[in-house]
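Only one structure is covered here, and it is reproduced in the block below.
The values are calculated or read from the model by the stated rules, or taken from the named source; none is laboratory data. These numbers were taken from a predicted model, which means no experiment stands behind them. We place every Cβ from the backbone using ideal geometry, glycine too, and count neighbours over all the protein chains shown.
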Amino acid sequence: MSDSPLVPPSTVVLVSGGSRGLGLAIVTDLLDAGVRVAAFARTVTPELEKLAAEQPDRVHAGAVDVTDPAATQAFVREVEERLGPIDGVVNNAAVGQDSLHVHTSTGDIARIIETNLTAPLQLTRLVIRRMLGKGLRGRIVNITSICAQRGFPGLVAYSATKGGMDAATRSLARELGGRMLVNSVAPGFFASEMSAVLGSTQLDQIVRRTPTGHLTEPAEVVPVVRMLLCEQTNINGQVIVVDGAASV
Ligand SMILES: NC(=O)c1ccc[n+]([C@@H]2O[C@H](COP(=O)([O-])OP(=O)(O)OC[C@H]3O[C@@H](n4cnc5c(N)ncnc54)[C@H](OP(=O)(O)O)[C@@H]3O)[C@@H](O)[C@H]2O)c1
């Protein structure tokens with residue numbers, strides 16, 4: 001019998017970018033699984049507002065920019081007061097890109113890196129410091145992308161941030177020495193506001209390259225995120241690709 005420490009399932013999970021797309025699907029799924037959920041985005045959508053109004057004891061929603069450390073810190077404090085200590089984080093908030101590298105301004109590169117790489121690293125640092133201070137064992141899930149592993153034109157800076165988060169996942173998993181499980185989930189392309197910039201030719205091409213014959217659906221990604229947050233596993237420091245083998 002192994003005597004390695006078990007990391008208990010998360011009961012209060014913070015989801016960045018939980019207002020729409022995959023983030024909202026993760027919020028809804030976790031609530032259905034009995035988890036208390038805090039979610040933020042720059043704008044709280046009617047869908048997220050409705051969940052918070054229906055289940056005030058189990059959902060805390062706020063309008064927060066993930067690149068604003070003071071605002072994220074204040075939100076984390078509110079969540080702890082409303083729902084209890086946070087023991088799971090899903091770094092999902094991100095901005096996309098649709099420009100060749102030569103046409104991407106310095107400002108746009110900086111904004112993509114700040115939102116998709118610097119901010120999740122800072123949010124993770126903030127939350128794990130509080131978890132460690134409270135003696136909590138937690139789970140971190142970084143939503144990255146297949147773009148970190150395969151090249152896609154028009155997504156150079158974006159891909160760099162996702163590769164950065166996958167690398168951070170591995171090092172943080174080692175650094176935390178088993179006190180938390182840290183993993184990435186890397187979806188293939190799925191329909192959302194972010195991917196709406198893809199034309200039908202590009203989408204058809206992705207589908208043709210996908211053995212399962214369809215674009216990834218958020219509903220096919222959320223069970224993996226839930227498993228990493230809520231199941232007793234020893235999965236740590238991994239990048240789990242959910243793309244129907246399009247990239248294989
Ligand atoms: N769509 C795809 O094909 C695809 C494929 C692989 C991986 N992914 C990844 O999956 C995750 C979700 O993507 P999605 O397609 O669901 O995107 P989406 O529909 O554009 O949603 C992005 C979410 O992040 C929030 N967000 C963006 N910037 C923010 C900021 N500065 N502060 C706080 N929240 C912010 C958005 O709300 P506000 O704009 O109101 O702030 C929204 O809630 C992302 O990490 C993305 O990189 C997407």
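Structure data summary
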| quantity | calculated |
| --- | --- |
| When residues of segment 152-185 are limited to those that are closer than 21 Å to Glu220 by Cβ and of a type in the set (S, T, N, Q), the one surrounded by the fewest Cβ atoms within 10 Å (Cβ to Cβ) | Thr169 |
| Condition check for Ser4: modelled with pLDDT of 95 or more, part of a loop (DSSP other than H, G, I, E, B) and more than 10 Å from the ligand (Cβ to nearest atom) | no |
| Segment 175-219, residues that are over 27 Å from Leu121 (Cβ atoms), of a type in the set (Asp, Glu) and away from the ligand (no atom under 12 Å from the Cβ) | Asp204 |
| Extreme residue, surrounded by the fewest Cβ atoms within 10 Å (Cβ to Cβ), among residues of segment 81-114 that are over 12 Å from Thr161 (Cβ atoms) and among the aliphatic types (A, V, I, L, M) | Val102 |
| Options Ala74, Ala110, Ala94, Ala167: the member that is under 20 Å from Gln202 (Cβ atoms) and not hydroxyl-bearing (Ser, Thr, Tyr) | Ala94 |
| Subset of segment 14-34 that is more than 23 Å from Ser145 (Cβ to Cβ) and in contact with a Lys or Arg (Cβ under 8 Å, 6 or more places away or on another chain) - its residue that is farthest from the ligand (Cβ to nearest atom) | Ala33 |
| Odd one out for Val156, checked against (1) within 15 Å of the ligand (Cβ to nearest atom); (2) within 16 Å of Pro120 (Cα to Cα); (3) without any contact (Cβ under 8 Å) to a residue 60 or more places away in the chain | (2) |
| Residues located in segment 56-101, provided they are more than 16 Å from the ligand (Cβ to nearest atom) and out of contact with any strand residue (DSSP E or B) (no Cβ under 6 Å at 6 or more places or on another chain) | Pro56, Asp57, Arg77, Glu80, Glu81, Pro85, Leu100, His101 |
| Cross-chain or 6+ apart pairs with Cβ under 9 Å, segment 62-73 first and closer than 9 Å to Arg42 by Cβ and at pLDDT 95 or above, then outside any loop (DSSP other than H, G, I, E, B) and of a type in the set (Phe, Trp, Tyr) | Ala63/Phe40; Val64/Phe40; Val64/Phe75; Asp65/Phe40; Val66/Phe40 |
| Verdict on Leu121 being modelled with pLDDT of 95 or more and in contact with a strand residue (DSSP E or B) (Cβ under 9 Å, 6 or more places away or on another chain) | yes |
| Elements of type strands (runs of 3 or more DSSP E) in segment 9-79, at least 3 residues being buried (at least 23 other Cβ atoms within 10 Å of the Cβ) | 12-16, 36-41 |
| Neighbours by Cβ (under 7 Å, 6+ apart or cross-chain): first from segment 24-53, among the acidic types (Asp, Glu); second more than 10 Å from the ligand (Cβ to nearest atom) | Asp29/Val222; Asp29/Arg226; Glu49/Ala61 |
| Helices (runs of 4 or more DSSP H) wholly inside segment 129-248 that include at least 2 residues being under 19 Å from the mean Cα position of the chain (by Cα) and modelled with pLDDT of 95 or more | 156-175, 218-230 |
